[in-house]
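Below you'll find the structure, written out as structure tokens, and then a few comments.
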Amino acid sequence: MAAGHAHKLYRHGHSPVHALPPHTKLAAVFAFVLVVVATPREAMWAFGGYALLLGVVAGVARVPAGFLLRRLLIEVPFVAFAVLMPFVAEGERVDVLGMSLSVNGLWGAWNVLAKGTLGVAASVLLAATTDLRELLLGLQRLKLPPLLVQIASFMIRYGDVIADEMRRMRIARESRGFEAKGVRHWGVLAKSAGALFIRSYERGERVHLAMVSRGYAGAMPVIDEVTASRTQWSYALALPGAALVVCLLGWSL
């Protein structure tokens, strides 16, 4: 099961984090996010500890801060939502810089920003140190439903194919003088989307028939069996383990 190429979030390297088996990293990130979500929002110092832990991981993985920060821009919509919460939430109000803001809204905004940013940062670090093929093998190793793993595999494999098809259709429209300038051109774009869907569906049918003719019976063969030693598991779980200690201290204080 192969993705065929590295994704844009992946940063090639030979660090200890890159060398860990993919399923250990997936389990570690999932456990870390659970710990972050379980932390009370009032334990503000705990979130600083989580950020420090991720910074240590990024340093060990040799992932530059600029690379990580640029990828964090994906959470901008959540930031916009969080900024609105103090203005629209109800309850006790407090004046900040001449503006009346909700106390519950301020805590809610902090909760979304802190936990969301940490979760996205952990995911970006996972993607930066694990290529798509390894991620799929890790999901397979963690016994996720095989159908879901296969769907993800085909989505990754044929995503660029569909994007290239869209590019060719756009070039064909532009070569005939078409340029979308307003609502009146939405009909042409809708027809193009319909044609793309039909072509993609027919391609899927051809691929399925080709797979069946080669012995496909609902399950993909496992080419590479990934395993992890106790030492590798201990290295991977060091992040959520340290985060759990910080979380427990947050609950106790």
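Observations, loosely collected:
- Evaluated with a Cβ-only charge set (Lys, Arg +1; Asp, Glu -1), the chain carries a dipole of roughly 860 debye about its Cα centre, given to the nearest 20.
- Residue among 25, 181, 191 with the largest mean-square fluctuation in a Gaussian network model of the chain, springs linking Cα atoms under 10 Å: 181
- Comparing mean-square fluctuations of 151, 198, 162 from a GNM of the chain with C-alpha springs under 10 Å, the top value falls on 198.
- GluC sites (Glu not before Pro) restricted to DSSP loop in the stretch 160-208 with at most 14 other C-beta within 10 Å: 179
- The stretch 23-178, relative contact order in percent, only Cα pairs under 8 angstrom and at least six apart counted: 28 percent
- Candidates 169, 220, 85: whichever shows maximal mean-square fluctuation once the chain is modelled as a Gaussian network with Cα springs under 10 Å: 169
- By the equivalent-ellipsoid construction on the alpha carbon gyration tensor, the stretch 2-109 comes out with semi-axes of 35, 16, 13 Å, ordered largest to smallest.
- Each principal axis of the Cα cloud of the stretch 139-253 was taken in turn, and the coordinate range along them, longest first, works out to 65, 49, 19 Å.
- Of all accessible heavy-atom area on the chain, the percent that carbon and sulfur account for (1.4 Å): 68 percent
- Cα gyration tensor, the chain - rounded (a/c under 1.5), prolate or oblate: oblate
- Taking every protein chain into account, the accessible area of the stretch 133-214 amounts to 73 square angstrom per residue (probe 1.4 Å).
- Charge context of residue 110, other residues only, Cβ under 12 angstrom, K/R +1, D/E -1: +1
The values are calculated or read from the model by the stated rules, or taken from the named source; none is laboratory data. Just so we're clear, the structure is a prediction, and the values are computed from it rather than from any experiment. Quick reminder, even Gly has a Cβ in these numbers, built from the backbone with ideal geometry, and neighbours come from all protein chains shown. Remember, those area values only see protein heavy atoms, side chains included, never the ligands or the DNA or RNA. Shrake-Rupley method; radii C 1.70, N 1.55, O 1.52, S 1.80 Å.
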